[in-house]
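Trainee: The structure that follows is given in the form of structure tokens.
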Amino acid sequence: MAYKKVAKKYSGKIKEVTIGTGDKAITLGGRNVLPLHAFDGEVGQSPKVGLEIVDEVPSDWIDAFANLYGDVQKDAATWAKYVEETYAPDFICLRFEGADPNGSNRSVEECVETAKKVSESVSLPLVIAGSKNVEKDSEIFKAIAEALEGKNILLLSAQEENYKTVGAAGALAYKQKVAAESSVDINLAKQLNILMTQLGVQKEDVVMHVGCAAAGYGYEYVSSTMDRITLAALGQNDETLQMPIITPISFETWSVKESIATEEDEPNWGSIEERGIHMEVSTAAASIASGSDAVIVRHPKSLEAIKYYLNSIIG
């Protein structure tokens, strides 16, 4: 008997969320099948890939990035423009590492000025990431959301501790998009989405950041969480989990030993730069296969590899 392919049908669908404005705006989500399962139905929007830059010359990035970018890193706006014109990512993630109170402790006003200059220098959609200090990030997100009103940026992220401030300022007051960040747990992700919508934020303004880990560092928990979210959103038509997912790959993969151990310390491991790229690409590809609608990478070669991967699978 000849094999007959039967398409798997789902009752749910991932909502579409648009970031940015004009011709360069991107839309995430829209699928009603498992990730990359074009043979089953509507795959929606192709996953998007963004490049990370930071608001000051990074002190903890490997030397390969200084060689790659040179003096461009000294000014975030110049850096953003260079990235857009040279590597053409789908979006740019500007992370305010310098705002960390335990680091440079740049003021909110300085961060706003940087965000405005970056926004004016590029036409690509912007994702604004904080310093990982919840209190400081609340102030930064609120001020930047106001300063960039009309730019339709994505604030990465609103957490349980500050979702009211970030959600109210970002989505309600200034009509920006907001990522709801939870920690690799479907129940926490669902709870935060419910809290955001109870606040008045529309589902079409919310993207989920459900956590990340470098491949080999407990990544199976990330993958299984995304699987459970996808199956609940599509198979059970759970509307509280039907937001697209963004995963900041670079935040995790460039801090593990395989990516930062020097060639002197680990001579048998080969090029430190290549190791980091491989770690980033493997984690990003796995995240897309698990359900990420957008990933953030740091190295241009990672961007190139993931775009090739996507074009090869879904065109």
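The values are calculated or read from the model by the stated rules, or taken from the named source; none is laboratory data. All values derive from a computational prediction rather than experimental measurement. All Cβ positions, even for glycine, are placed from backbone atoms using ideal geometry, and neighbour counts span all protein chains on display.
Trainee: Could you please give the count of residues in the stretch 230-267 that are surrounded by 16 or more Cβ atoms within 10 Å (Cβ to Cβ), of a type in the set (S, T, N, Q) and outside any helix (DSSP H, G or I)?
Mentor: Qualifying residue count for the region: 2.
Trainee: Here are some residues: ASP205, ASP227. Which one is in contact (Cβ under 8 Å) with a residue 60 or more places away in the chain and touching a Lys or Arg at 6+ places or on another chain (Cβ under 8 Å)?
Mentor: Matching residue, one of ASP205, ASP227: ASP205.
Trainee: Are any residues in the stretch 268-315 surrounded by 24 or more Cβ atoms within 10 Å (Cβ to Cβ), of a type in the set (Asp, Glu) and without any contact (Cβ under 8 Å) to a residue 60 or more places away in the chain, and if so, which ones?
Mentor: If the condition is that a residue be surrounded by 24 or more Cβ atoms within 10 Å (Cβ to Cβ), of a type in the set (Asp, Glu) and without any contact (Cβ under 8 Å) to a residue 60 or more places away in the chain, then GLU280 is the only one that fits.
Trainee: Just wondering, is there one or more residues in the stretch 111-126 that are among the aliphatic types (A, V, I, L, M) and either in contact with a Cys (Cβ under 7 Å, 6 or more places away or on another chain) or within 19 Å of GLU204 (Cα to Cα) (or both)?
Mentor: Yes, some residue in the stretch 111-126 is among the aliphatic types (A, V, I, L, M) and either in contact with a Cys (Cβ under 7 Å, 6 or more places away or on another chain) or within 19 Å of GLU204 (Cα to Cα) (or both).
Trainee: What residue, of ASP227, ASP205, is charged (D, E, K, R) and surrounded by fewer than 18 Cβ atoms within 10 Å (Cβ to Cβ)?
Mentor: Being charged (D, E, K, R) and surrounded by fewer than 18 Cβ atoms within 10 Å (Cβ to Cβ) holds for just one of ASP227, ASP205, which is ASP227.
Trainee: Right, something else. Just one of (1) more than 20 Å from GLN45 (Cα to Cα); (2) aliphatic (A, V, I, L, M); (3) touching a helix residue (DSSP H, G or I) at 6+ places or on another chain (Cβ under 7 Å); (4) crowded, with 17+ Cβ neighbours inside 10 Å trips up LEU188, so point out which.
Mentor: The number of the failed condition is (3).
Trainee: Further question: Kindly list the number of the only condition in (1) closer than 19 Å to ALA158 by Cβ; (2) hydroxyl-bearing (Ser, Thr, Tyr); (3) without any contact (Cβ under 8 Å) to a residue 60 or more places away in the chain that fails for THR262.
Mentor: All conditions pass for THR262, except number (1).
Trainee: Moving to a separate point now. Just checking, does the stretch 275-286 include any residue being within 18 Å of the chain's Cα centre (by Cα), among the hydroxyl-bearing types (Ser, Thr, Tyr) and more than 26 Å from SER131 (Cα to Cα)?
Mentor: no
Trainee: Could you list, in sequence order, all residues of the stretch 17-30 that are assigned to a loop (DSSP other than H, G, I, E, B), within 25 Å of GLU239 (Cβ to Cβ) and in contact with a Lys or Arg (Cβ under 7 Å, 6 or more places away or on another chain)?
Mentor: Result: GLY29, single match.
Trainee: Between a residue in the stretch 140-163 that is of a type in the set (Gly, Ala, Ser) and any residue that is in a loop (DSSP other than H, G, I, E, B) and modelled with pLDDT of 95 or more, which pairs come within a Cβ distance under 6 Å, given they are 6 or more apart or on different chains?
Mentor: From the stretch 140-163, the pairs are ALA145/TYR174; ALA145/GLN176.
Trainee: Then there's this: Hey, could you check the stretch 93-105 for residues that are within 16 Å of TRP79 (Cβ to Cβ) and charged (D, E, K, R) and say which is surrounded by the fewest Cβ atoms within 10 Å (Cβ to Cβ)?
Mentor: GLU97
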